[in-house]
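Read-outs: derived from the displayed coordinates by stated rules, not from any lab. Keep in mind that this is a model prediction, so the values were computed, not measured.
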Amino acid sequence: MASKPSIHRDQRLHRKDPLLQYGWKRTQCLKQNLMQGTKDKVIVITGASSGIGEATAVMLAERGAKVVLGARGLERLEGLARRIAGAGGEVAYAQTDVRKREDVTSLVNLACERYGKLDVLMNNAGIGPISPLDDLRVEDWENMIDINIKGVLYGIAAALPVFRKQGFGHLTWRARLGCAPSPSAPRPATDVG
Ligand SMILES: NC(=O)c1ccc[n+]([C@@H]2O[C@H](COP(=O)([O-])OP(=O)(O)OC[C@H]3O[C@@H](n4cnc5c(N)ncnc54)[C@H](OP(=O)(O)O)[C@@H]3O)[C@@H](O)[C@H]2O)c1
């Protein structure tokens, strides 16, 4: 007897419902597009040493992107780069403090020199210390402005000329542009998300 073609468990569960079936097929299609769309893309990620940046770097490298990682914590970057390279990924990294414009420019240059182009700059580095305004943690406020706002602007300043020259490129950042009245420090105004 001919064996039945194997069907993914979710597809089997959904096959009686046309709407769910459509959703399942669309998810598969999106997954495939994501895999194909990411392969060989050169992606710079700031704030890649932990959290969202680290997880994004690992995921993109698994999907075939060439990731270029920046953060202040060099040891964590080295460890992450070893992990990615050990799994067969393409990775470069440089110690980067996004408060320093020259660091951000160097990171973008590293991507262009190593891989010949820049497809995406992910302005991911960010901090979000929360405190009541009357704690007057002015240093935190200044840091948030320097990292969450000026750091992103330095990224734009570094990447846009490259994108113009190439004729392509994407910038991403996690910016909240609005600010509701809040008793906490100015995080809502500067948060990148
Ligand atoms: N708007 C939203 O919806 C939303 C959602 C989630 C998170 N966020 C915000 O996004 C940020 C990141 O979240 P997360 O969970 O990934 O936090 P996380 O684990 O603390 O990661 C922050 C990353 O930014 C890097 N970083 C901090 N200051 C830097 C600087 N001056 N130069 C370069 N890199 C710097 C850190 O690396 P080094 O310390 O090694 O430099 C680290 O890699 C936080 O500020 C969080 O509040 C916003």
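Quick look at the numbers
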read-out: J(HN,Hα) series, segment 110-126, from Karplus relation 6.51 cos²θ - 1.76 cosθ + 1.60, nearest Hz, glycine and proline x; value: 4, 4, 5, 5, 6, 10, x, 6, 9, 8, 9, 10, 9, 7, 9, 4, x
read-out: Built amide H within the under 5 Å cut-off of N124, gap 5+; value: T46
read-out: For A92, residues with placed amide H under 5 Å, excluding near neighbours; value: V67, V68, L69
read-out: Gain upon complete extension [T172, E102; 0.36 nm per residue less C-alpha separation]; value: 23.2 nm
